[in-house]
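J.: So that we are looking at the same thing, I have put the structure below in structure tokens.
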Amino acid sequence: MRETTRTDDGRWIVVDGRRWRAEDPSLPADAAARLRSHLGRARSAVRLAETDDDRDAARDRVQLAKEGLGERGDAWWDLSEADRAARARDRLRSLDELAPPTR
């Protein structure tokens with residue numbers, strides 16, 4: 001199993017010596033869980049894509065989920081909490097339209 005640590009400022013996680021932006025800690029638990037679900041399904045779609053167009057569409061979904069989680073795009077610590085919440089809601093709305101969750 002990979003060793004994961006978080007930097008003292010909470011902005012980064014370190015996995016096997018490589019630094020990655022951490023998930024926005026202010027996201028509501030339900031929104032973060034939905035974004036992580038979309039992320040997992042999008043990553044799976046990237047692996048299973050049979051055409052370049054399908055792979056590109058799945059990668060776009062990965063990007064949206066990562067932005068919603070605060071791991072890509074404008075750094076979450078540079079945005080107000082209201083802007084961060086709005087970004088997460090916007091990305092969830094887009095993801096739900098592109099790949100509606102199954103129940």
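J.: May I ask you to compute the full-extension gain from D16 to R93, defined as 0.36 nm times their residue separation minus their alpha-carbon distance, rounded to one decimal in nm?
T.: 24.4 nm
J.: Kyte-Doolittle cut-off 0.0, length cut-off 24 Å along the helix's own axis using Cα: show which whole DSSP H helices in the chain pass.
T.: Going by DSSP H runs, there are no hits.
J.: Something else now. Per DSSP helix of 4 or more residues, -39500 (n - 2.57); summed, then divided by the residues of the chain. What does that give at 222 nm, rounded to the nearest 500?
T.: Result for the chain: -18500 deg cm²/dmol, rounded to the nearest 500.
J.: Moving on to the next point. For the range 70-103 and the range 1-42, what is the separation of their C-alpha centers, rounded to whole Å?
T.: 14 Å
J.: Could you give the dipole magnitude of the chain about its Cα centre, charging the beta-carbon of Lys and Arg +1 and that of Asp and Glu -1, in debye to the nearest 20?
T.: Dipole about the Cα centre, nearest 20: 320 debye.
J.: What fraction of the Cα pairs in the chain, stated in percent, has a spacing above 17 angstrom?
T.: Of the Cα pairs, 55 percent sit more than 17 Å apart.
FYI, it's all coordinate maths here, none of it is from the lab. Computed from a predicted model, the values in this text were never measured in an experiment. Cβ atoms come from the backbone with ideal geometry, glycine included; neighbour counts cover every protein chain shown.
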